[in-house]
Amino acid sequence: SYGGSLDTAAGDISHYCEAGYSVVITVSGYRRAQALEAFLIERDIPAALNAELAELPPPGSCAIAVGALSGGMEYPSLKLAVLTEGQIMGDAARKPRKTKVRSARERVQSYTDLTPGSLVVHEQYGIGRYAGLSQMIVDGAARDYVRIVYRDNDSLYLPATQLGAISKHIGGGEDAPVRLSKMGGADWKKSKAHARASARDMARELTALYAARRRQRGHAFAPDSVWQTEFEEKFGYVETDDQLKCIEEIKRDMEQPTPMDRLLCGDVGYGKTEVAMRAIMKCVLDGHQAAVLVPTTVLARQHYITAMKRFSGYPVNIDVLSRFKTPAQMKTALKKLEAGSLDLIIGTHRLLQKDVKFHKLGLLVVDEEQRFGVAHKERLKELSKTVDVLTLSATPIPRTLNMALSGIHDMSVLEEPPTGRQPVQTYVMEHDWEVIRDAIAREIARGGQVYYLHNRIDNISRVAARIAEMLPGVSVAAAHGQMDQEALSDVMERVSDGNVSVLVCTTIIETGIDIPNINTLIIEDADHMGLAQLHQIRGRVGRSPRRAFAYLTFRRGKVLSEVSEKRLSAIREFAEFNSGFKIAMRDLEIRGAGNLLGAEQSGHMMKVGYDMYLKLLEEAVLEEQGVTAPKKIECQADFTVPAVLPEKYVPSGEQRVDLYRRIARVESEEDADEMIAELVDRFGDPPDEAVNLVRIARLRAEAARCGITEVAQKSGVLSLKLENFDMGVITELYAQPFFKGRIRVAAGETPGVSLKLTDGKRALDDAEILIRAWRTVAGK
């Protein structure tokens, strides 16, 4: 394997060709074969794409064929070398996608799922109900349209390519009544005007908050040292691209003199702890202390064990503050902390008490902030005025999410699962001891262990006894938060060592417990728990490459409340990877977005929806800061070429809608290539009409940057409408041989330009050439 070094592979291929070998390279898809052909030709290697490969290439040349082999081979007697994409590309075959910085509103849009019946907001027409996709033939070409129904059953058919113009409506919760807008009516304009005024008031408060934070002087940490690099290289796993990106963002913040306030949001088991450990090491190496604040004693112990392992071999002094410490041990730890001989302290809310004094605190890491009460949060604010704060969360509660999305916090997101992980198979069902016995027996038979969550301490021992009776010979233990330190530590140690097959426990396992061999979870009375809590607990299983199972049960014959039912169906629906953020957004829908800084704004937000309110808020904040919000030019594109995601190619309507929305946000050549690569990975080589769709999306974005508001193909002519007319650009274009005699200035109310097409079938090619030339001339 060349381990992703394309240049080394190219050197070997060149060497084979010079030695008179016939070289064959197998590649998984046609488009990848095209890309590899271009790469080799650039390096003067005689390569040709021969998809079917009916015969071997001539000696001294290379053929690229579409196919798959597990490995390559060399036949010296035949002078034949066969290489595979896996060998050549290595990890480069799955090129890490550069994650662009996305705005708060883009994050909301990319984590909401549109299904027929969903309420949506269109900037111009207001609140309507999404009624699904429908296909129509326009100018001889098939197009997909999104139908939105407004008051009085008026319908708007929006081209699927313009899905970026709508967003899902998130308001005061699913129980709050929402009135549909009247198409062309004045009520939507009024609602927007009131919401804009409210956003301006909030912008003033936000700007004051930002200014106060900026005035505070924190510590600017030094750039990474050799020790930091060595510490990071000792990590026992391969970091995901997201982890590396988040670490970079956090370090950049820490090196600024303004105190950091960043929310690190990543699904359970996605490696938030390692990101925090690297930030802690950076802090300690610069002579400052770090503190990790956690909600439970069990999690404090888990973090302490992780930190001891991770920092072993380095002169970092670590201690833990929790109710399991004796008063004498606590006193000693506090003295060391104040004297500066402790580098890292891990603790529960005990850390927030007045007698805890730091010598030189530089970084505060808060794990699962939503589990702390209002009083604790006030003390946190006091403590963190001039220190860097990193908040870790798997499913940020709506208020925390609001704060991050509206820009009060900076936010880093881990969206990529660790290699080899599988989503947890989730079942929602009535409690049935027969099913439960089978589930436990099945897990034990494959050498695994089980969590059985029973959240009532008074009869937890009875439940443990019942399970032991049901499954003779199976080792069962119980654990809960009221046990003393020794007993709890002993149970958890036996579980970790694999000496306990079934742990009957309360929600103490909710955060941070990491035992990869436990891969079945059974929850009693799951309807009593919150959505974020259920997701968090489910994250305790599935932490190994083995398939994990979660059974969320409720009492037999019980009629669930509407909210409980929605929670349980959401947790079942979002079983796939990276669903923590989706769950937070779903929670936002069920419970309502609440308020950002005070109750008075929520009414206005409900009338226009969360997404629209955030947009107005962003504009108002810029206005308050004296910055003119850049006017965003939108370009409409209308071609007679087929541009659609065929149902045969992407059968699921929901997936098509999601892809249309993401294709609508393509802005550059890199975005377009990534989108095509994803389509190839997920659905196979895309048909021409799907490729056209991506090309048109890119063309629209590039034309908008040139101030072009419309590109339309009409009877042998390409017609362009312009925001601002620049005769200098048009004159320069006219002088180019390709456009000479074909460009005309179009008179009319809106200034425009037309280009005579040589061939109607090549309209899209001509449009791309014209826009590319326009951008070069205009310097865009």
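The values are calculated or read from the model by the stated rules, or taken from the named source; none is laboratory data. Note that the structure is a prediction, hence the values are computed from the model and not measured. Using ideal geometry, Cβ is built from the backbone for each residue, glycine included, and neighbour counts are taken over all protein chains shown. In case anyone asks, the SASA skips ligands and DNA or RNA and just uses the protein heavy atoms, side chains included. Shrake-Rupley method; radii C 1.70, N 1.55, O 1.52, S 1.80 Å.
In region 525-551, how many are within 23 Å of the chain's Cα centre (by Cα), hydrophobic (A, V, I, L, M, F, W, C) and open to solvent by 10 Å² or more (accessible area, probe 1.4 Å)?
Selection size over region 525-551: 1.
Taking the condition open to solvent by 20 Å² or more (accessible area, probe 1.4 Å) and touching a residue at least 60 places away in the same chain (Cβ under 8 Å), does Q87 pass?
Values: open to solvent by 20 Å² or more (accessible area, probe 1.4 Å): yes; touching a residue at least 60 places away in the same chain (Cβ under 8 Å): yes.
Yes.
Can you find a residue that is farther than 23 Å from A677 by Cβ and surrounded by 17 or more Cβ atoms within 10 Å (Cβ to Cβ) anywhere in region 29-43?
no
Taking the conditions exactly as written (without any contact (Cβ under 8 Å) to a residue 12 or more places away in the chain, part of a helix (DSSP H, G or I) and surrounded by fewer than 22 Cβ atoms within 10 Å (Cβ to Cβ)), does E678 satisfy them or not?
Working: without any contact (Cβ under 8 Å) to a residue 12 or more places away in the chain: yes; part of a helix (DSSP H, G or I): yes; surrounded by fewer than 22 Cβ atoms within 10 Å (Cβ to Cβ): yes.
Yes: the conditions hold for E678.
Taking the condition of being open to solvent by 20 Å² or more (accessible area, probe 1.4 Å) and at pLDDT 85 or above, how many residues in region 285-304 meet it? Outline the logic, then answer.
Keep residues of region 285-304 that are open to solvent by 20 Å² or more (accessible area, probe 1.4 Å), which gives 285-287, 295-297, 301-302, 304.
Next cut, at pLDDT 85 or above only: 285-287, 304.
Adding up the residues that qualify gives 4.
Considering only region 1-20, state which residues are hydroxyl-bearing (S, T, Y) and either closer than 13 Å to L40 by Cβ or not in a helix (DSSP H, G or I) (or both). Don't jump to the end; show me each part of the working.
Just the residues of region 1-20 that are hydroxyl-bearing (S, T, Y), to begin with: 1-2, 5, 8, 14, 16.
Matches in region 1-20: S1, Y2, S5, S14, Y16.
For the subset of region 483-511 comprising residues that are touching a residue at least 40 places away in the same chain (Cβ under 8 Å) and in a helix (DSSP H, G or I), which member is nearest to V268 (Cα to Cα)?
I509
So, in region 638-675, exactly how many residues are in a helix (DSSP H, G or I) and open to solvent by less than 30 Å² (accessible area, probe 1.4 Å)? Can you show your working first?
First, the residues of region 638-675 that are in a helix (DSSP H, G or I): 653-663, 669-675.
Narrowing the set further to residues that are open to solvent by less than 30 Å² (accessible area, probe 1.4 Å) leaves 656-657, 659-661, 663, 671-672, 675.
Counting residues in region 638-675 that are in a helix (DSSP H, G or I) and open to solvent by less than 30 Å² (accessible area, probe 1.4 Å) gives 9.
Kindly indicate which of S225, S191, S181 is over 27 Å from the mean Cα position of the chain (by Cα), in contact (Cβ under 8 Å) with a residue 12 or more places away in the chain and open to solvent by 30 Å² or more (accessible area, probe 1.4 Å).
Details: S191 fails: open to solvent by 30 Å² or more (accessible area, probe 1.4 Å); S181 fails: open to solvent by 30 Å² or more (accessible area, probe 1.4 Å).
So the residue among S225, S191, S181 that is over 27 Å from the mean Cα position of the chain (by Cα), in contact (Cβ under 8 Å) with a residue 12 or more places away in the chain and open to solvent by 30 Å² or more (accessible area, probe 1.4 Å) is S225.
Kindly list, by first and then second residue, each pair from a residue in region 233-251 that is under 17 Å from D267 (Cα atoms) to a residue that is open to solvent by less than 70 Å² (accessible area, probe 1.4 Å) and in a helix (DSSP H, G or I), limited to pairs with Cβ atoms under 7 Å and residues at least 6 apart or on different chains.
Every condition considered, the pairs that remain are Q243/E274; Q243/V275; C246/V275; I247/V275; I247/R278.
If a residue must be touching a strand residue (DSSP E or B) at 6+ places or on another chain (Cβ under 8 Å) and not small (G, A, S), how many such residues does region 22-46 contain? Outline the logic, then answer.
Just the residues of region 22-46 that are touching a strand residue (DSSP E or B) at 6+ places or on another chain (Cβ under 8 Å), to begin with: 22-30, 33-34, 36-37, 40-41, 45-46.
Add one more test, that the residue is not small (G, A, S), and what stays is 23-27, 30, 34, 36-37, 40-41, 45-46.
Number of matching residues: 13.
Restricting to helices (runs of 4 or more DSSP H) lying wholly in region 367-450: which have 1 or more residues that are modelled with pLDDT of 70 or more and more than 21 Å from A550 (Cβ to Cβ)?
Result: 374-383.
Determine whether I522 is surrounded by 24 or more Cβ atoms within 10 Å (Cβ to Cβ) and in contact with a strand residue (DSSP E or B) (Cβ under 8 Å, 6 or more places away or on another chain). Can you show your working first?
Values: surrounded by 24 or more Cβ atoms within 10 Å (Cβ to Cβ): yes; in contact with a strand residue (DSSP E or B) (Cβ under 8 Å, 6 or more places away or on another chain): yes.
Yes.
Which residues, taken from region 110-155, are assigned to a strand (DSSP E or B), over 27 Å from P642 (Cα atoms), out of contact with any His (no Cβ under 7 Å at 6 or more places or on another chain) and open to solvent by 30 Å² or more (accessible area, probe 1.4 Å)?
R129
Just give me the residues in region 624-637 being at pLDDT 80 or above and either part of a helix (DSSP H, G or I) or closer than 30 Å to R200 by Cβ (or both), in sequence order.
Taking region 624-637 as the starting set, the residues that turn out to be at pLDDT 80 or above are 633-637.
Listed by number, the residues that qualify are I633, E634, C635.
I'd like the residue in region 1-39 that is touching a residue at least 40 places away in the same chain (Cβ under 8 Å) and among the β-branched types (V, I, T) and, out of all such residues, is nearest to L83 (Cα to Cα).
Per the stated criteria, the residue is I25.
I want to confirm something. Restricting to region 69-100 and keeping residues that are of a type in the set (D, E) and farther than 20 Å from P418 by Cα, which single residue is modelled with the highest pLDDT?
Step one: list which residues in region 69-100 are of a type in the set (D, E), which gives 74, 85, 91.
Now narrow it down to the ones that are farther than 20 Å from P418 by Cα: 74, 85.
Details: E74: 91, E85: 81.
Result: E74.
Please find, among Y157, Y145, Y130, the residue that is touching a Ser or Thr at 6+ places or on another chain (Cβ under 6 Å) and over 19 Å from G609 (Cβ atoms). Quick ask: steps written out before the conclusion?
On the way: Y157 fails: touching a Ser or Thr at 6+ places or on another chain (Cβ under 6 Å); Y130 fails: over 19 Å from G609 (Cβ atoms).
Unique residue meeting the criteria: Y145.
Could you list, in sequence order, all residues of region 512-538 that are charged (D, E, K, R) and either in contact with a His (Cβ under 6 Å, 6 or more places away or on another chain) or touching a residue at least 60 places away in the same chain (Cβ under 8 Å) (or both)?
The answer is D514, E524, D525, R538.
Which of the numbered conditions does I345 fail, given that it passes all the others? Conditions: (1) in a helix (DSSP H, G or I); (2) at pLDDT 90 or above.
So I345 meets the others, but not (1).
Condition (residue is at pLDDT below 85 and either within 29 Å of the chain's Cα centre (by Cα) or under 17 Å from T776 (Cβ atoms) (or both)) applied to region 740-747: is it met by at least one residue?
yes
(1) open to solvent by less than 30 Å² (accessible area, probe 1.4 Å); (2) closer than 30 Å to S322 by Cα: which one isn't true of V424, the others all being true?
If we test V424 against (1) open to solvent by less than 30 Å² (accessible area, probe 1.4 Å); (2) closer than 30 Å to S322 by Cα, just (2) comes out false.
Evaluate region 687-696: report whether one residue or more is more than 30 Å from G779 (Cα to Cα), within 24 Å of the chain's Cα centre (by Cα), surrounded by 16 or more Cβ atoms within 10 Å (Cβ to Cβ) and without any contact (Cβ under 8 Å) to a residue 40 or more places away in the chain.
The answer is no; no qualifying residue exists.
Name the residues in region 237-260 that are within 26 Å of G287 (Cα to Cα) and either in a loop (DSSP other than H, G, I, E, B) or at pLDDT below 85 (or both), would you? Walk me through how you get there before you give the answer.
Initially, region 237-260 is screened for residues within 26 Å of G287 (Cα to Cα), giving 243-260.
Hits for region 237-260 are E255, Q256, P257, T258, P259, M260.
Run down A222, A197 and say which single residue is of a type in the set (A, V, I, L, M), part of a loop (DSSP other than H, G, I, E, B) and modelled with pLDDT of 75 or more. Explain how you work it out, then say what you get.
Values: A197 fails: part of a loop (DSSP other than H, G, I, E, B).
After applying the criteria, what remains is A222.
From the list L770, L755, exactly one residue is at pLDDT 85 or above, more than 22 Å from S668 (Cα to Cα) and open to solvent by less than 80 Å² (accessible area, probe 1.4 Å). Which is it?
Details: L770 fails: more than 22 Å from S668 (Cα to Cα).
It is L755.
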